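Comments concern the structure below.
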């Protein structure tokens with residue numbers, strides 16, 4: 001029996017949404033708001049450029065639209081590492097990473113290195129010149145300690161001191177952005193090894209590692225049980241602005257890297273925007289997608305970046321710190337101005353909680369694939385105006401094209417009343433005897449409010465400033 005393409009549908013967030021179970025807006029853990037506190041000297045900037053982050057550091061902080069990111073994640077399928085939109089599959093490709101972030105997508109894989117018999121405190125002492133007393137948890141150091149200890153290199157600093165401060169900045173930078181975990185307050189000390197030699201660091205394919213890490217983070221966040229997302233969400237959001245005209249801000253001054261085109265002031269947003277964006281993605285028409293949005297900006301792209309844009313069409317494995325992910329441009333050929341045909345099968349995902357030995361084996365296999373990346377360039381016949389009828393028929397048969405639920409107000413009220421009833425039933429079994437009088441009074445008042453709502457049988461919103469209730473015309477979360 002042939003395995004379905006979306007064999008993880010029961011775990012996917014869409015399976016919950018389609019049955020009326022909302023998880024809300026994701027918590028986005030990329031942390032760039034404090035990057036401006038780092039004051040780099042000319043000597044430090046030179047080292048940052050050697051390490052491969054000269055352009056990337058210029059991006060700084062970009063305000064994230066958590067609702068838009070959440071809506072996009074709902075369309076991501078980790079079985080294929082692509083977004084499944086009504087108009088077909090799309091994804092973030094290697095060439096787009098280099099254009100948007102200015103990071104290298106060609107070079108040695110970022111697999112991470114670790115010296116034997118050297119614990120994290122020794123690594124910090126050797127490569128930072130300081131011991132993070134009380135700020136080290138396992139192999140992770142607090143971002144706060146890094147910023148407070150190294151954000152400003154002292155005048156007259158020695159060469160060693162300049163290197164210490166620059167390494168601290170670089171691991172803070174990548175730990176807050178391209179390798180941001182779901183707990184960005186702590187950053188892996190292992191990253192220091194990657195910057196022991198700044199020239200060697202510049203040989204890594206940082207962009208490929210960033211994409212591998214983001215794929216993994218989006219994939220995890222697309223599961224119905226998750227509520228947090230890490231990775232370089234600036235990349236995800238800018239990718240959406242380039243391709244999709246959904247709440248796209250005005251472009252600012254043309255500058256490389258191209259993420260800077262979207263660095264202008266963002267409008268204030270509501271969590272209810274998630275439903276608006278979900279509906280917009282449901283209604284997405286091929287004619288409203290910018291399939292090849294970078295063509296008009298290539299004149300400001302450095303030649304060294306242009307030389308590797310072909311890797312966007314490489315069907316290969318991407319490698320990041322403890323992460324291996326497939327890159328499938330053959331599923332998104334319209335992003336290269338080519339006709340989309342029914343793509344080949346994809347290998348099933350391995351258990352991501354496998355042992356270290358399995359990870360080493362995966363890394364070795366992925367390294368072999370990566371070494372042949374230029375041999376894996378996907379070709380396509382038929383040009384960009386071929387007939388895609390057969391492809392769309394196939395695609396619609398294997399995917400979940402629409403997620404927005406057009407439910408009636410009555411149905412929504414019934415769902416809320418059911419939830420209130422469940423709360424009331426549970427509350428009636430609780431013992432409040434051991435609680436502080438104020439806590440007991442607060443809970444009793446909440447239970448009374450719930451009971452009153454059930455008796456009245458209407459929709460109310462409790463005022464946060466008074467004890468009165470006011471009637472609403474409709475539930476906030478379903479308003480447009």
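Coordinate-derived values only; no laboratory data. In this text, all values refer to a predicted model and were calculated from it rather than measured experimentally. With ideal geometry, Cβ positions are generated from the backbone for all residues, glycine too; neighbour counts draw on all protein chains shown.
Multiplying the residue separation of residue 42 and residue 449 by 0.36 nm and subtracting their alpha-carbon distance yields 140.3 nm.
Exposure proxy shown here: for 167, 374, the number of other Cβ atoms within 10 Å sets the order, fewest to most, as 374, 167.
Pull out the extension gain between residue 360 and residue 287, defined as 0.36 nm times the separation in residues minus the alpha carbon to alpha carbon distance; nm, one decimal.
Contour length minus the Cα-Cα distance gives 21.9 nm.
Pairs of Cα atoms nearer than 8 Å and 6+ residues apart set the relative contact order; for segment 187-334 it is 25 percent.
Its relative contact order, with pairs defined as Cα atoms under 8 Å and 6+ residues apart, puts segment 252-344 at 20 percent.
Rounded if a/c is under 1.5, else prolate if a/b beats b/c, else oblate: with a ≥ b ≥ c from the C-alpha gyration tensor eigenvalues square-rooted, which is segment 110-208? Cα axes put segment 110-208 in the rounded bin.
With 0.36 nm allotted per residue and the present C-alpha distance subtracted, the residue 394-residue 27 stretch has 128.7 nm of extension available.
With the simple model of a label 7 Å out from the Cα in the direction of the Cβ, residue 157 to residue 368 spans 4.4 nm. Spin-label pair residue 11-residue 228: with each label point 7 Å from Cα along the Cα-Cβ axis, the two points sit 1.9 nm from one another. Beta bridges assigned by DSSP with both partners in segment 9-398 are antiparallel in approximately 80 percent of cases. Start at zero, step by 20 Å, and the Cα-Cα distances of segment 9-398 spread as 27, 59, 13, 0 percent across the bins.
Dividing the mean sequence gap of close Cα pairs (under 8 Å, 6+ apart) by how many residues segment 9-398 holds gives a relative contact order of 24 percent. Fewest-first ordering of 12, 84, 36, 404 by other beta carbons within 10 Å of each residue's beta carbon gives 36, 404, 12, 84.
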